[in-house]
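The values are calculated or read from the model by the stated rules, or taken from the named source; none is laboratory data. All figures in this text were calculated on a predicted structure; none of them were measured in a lab. Please note: Cβ atoms are built from the backbone with ideal geometry, for glycine as well, and neighbour counts cover all protein chains shown.
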Amino acid sequence: MIGSANGVRIGITGLGVHVPDRVVTNDDLAQYVDTTDEWIQERTGIRERRMASEGEALTDIALPAARAALADADTDASEIDLLICATVTPDMMFPTSSALMADDLGAPAAAAYDLLAGCTGFMYALAQAYGMLASGLSRRALVVGGDVLSSILDWDDRSTLVLFGDGAGAVVVEPVEEGGFLGFELGADGGGGENLWLPGSGSRYFEDGDKLVKMNGREVFKFATRVMVSSAQKVLDECGLTVDDVDVYVPHQANKRIIDHAAGKLGIPEEKVVVNVDRYGNTSSGSIPLALADAAADGRLREGELVLMTGMGAGLTWGSALIEWNQGGVAA
Ligand SMILES: CC(C)(COP(=O)(O)OP(=O)(O)OC[C@H]1O[C@@H](n2cnc3c(N)ncnc32)[C@H](O)[C@@H]1OP(=O)(O)O)[C@@H](O)C(=O)NCCC(=O)NCCS
């Protein structure tokens, strides 16, 4: 799917994030599997990640992010009429985490559903919110992306355990007077799905009881380096822009080597690339909003700047969005 915004101005007016307090270092993980801090840093760029404590589930992490986004947009939850939560680790399959959060936040008028698109979930959810708003179905949406991947990791598998962390982010999406989303490109390749999968999570292999992530790291690496580049190029072409127009590049934080490869191939200089995989690891649907928040915190998300976001993940899926950042410009 690919498309440009055709002049309909819908943007992000509030941003909030939250991570669990518990910091887990590479040395901590070396107590469970045969690995070293040196190997993990060299192959992934990850130094530490946050992990949920006993009893801490997705909505415990996502609700503070949602509240922070609403406060940032100066919006009351009652004004939200659409809540999409992108996650592969909801509190439970149903009730959905989005419905639970709408209730907790006080958004009784909101349509609420969870969206499953692996680590690309936040990009898919942004595109859906954009479409709902552009069509006039929704007036103000809250898009949440977050995961508690520590709950589905195999603590005996060094090839996956070291990569992931927990975290969440949220944005308020609504009509804006200036800037806003310029275009999206989204895709999926189920043929490669078994390279990153959770076989025992649904109706097909439910009895097998295997509810832990399995991954073919090399294949996912090849896929990632390909689509991170092609998806970004496609959305830029669709919007009649080039990489030189991009002010801030927010790639999915899976692995520093994947980020470096994509930025290098695209020709985006290091100072425009947002990286926080060293502190959080791969937080799946939380990754892009957490990176946006870091860019905002260090003054890199300025009004009028062109931001390119690209995600990829289980499905296999990928997705890019271009947005002209204009957080203060809520339409009257
Ligand atoms: C997983 C990944 C870091 C592995 O890095 P790599 O350089 O490709 O390493 P390889 O898979 O070639 O493995 C090299 C060796 O390191 C070993 N290894 C794997 N994980 C290890 C770890 N945590 N510590 C030490 N050794 C490890 C492998 O067993 C292999 O050993 P072998 O040669 O004896 O078989 C890399 O493939 C990757 O990042 N893939 C993408 C994963 C991803 O982003 N998934 C989420 C997408 S949303």
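For R47, the conditions (1) within 16 Å of the ligand (Cβ to nearest atom); (2) under 21 Å from A65 (Cα atoms) are fulfilled apart from (2).
In region 241-250 there is no residue that is at pLDDT 95 or above, within 15 Å of the ligand (Cβ to nearest atom) and more than 14 Å from the chain's Cα centre (by Cα). Within region 1-21, being over 28 Å from L133 (Cα atoms) and buried (at least 16 other Cβ atoms within 10 Å of the Cβ) holds for V19, P20. The residues of region 150-179 that are in contact with a Lys or Arg (Cβ under 9 Å, 6 or more places away or on another chain) and of a type in the set (A, V, I, L, M, F, W, C), listed by number, are I152, V162, L163, F164, A170, V172, V173, V176.
Of all residues in region 113-163, those being free of Cβ contacts under 8 Å to residues at least 12 places away in the same chain, in a helix (DSSP H, G or I) and either of a type outside the set (S, T, Y) or within 13 Å of the ligand (Cβ to nearest atom) (or both) number 1. Of A188, A168, all but one fail to be surrounded by 16 or more Cβ atoms within 10 Å (Cβ to Cβ), more than 28 Å from V24 (Cα to Cα) and among the aliphatic types (A, V, I, L, M); the exception is A188.
Take the conditions more than 16 Å from the ligand (Cβ to nearest atom) and not aliphatic (A, V, I, L, M) and apply them to D34. Does it pass?
On the way: more than 16 Å from the ligand (Cβ to nearest atom): no; not aliphatic (A, V, I, L, M): yes.
So D34 fails the test.
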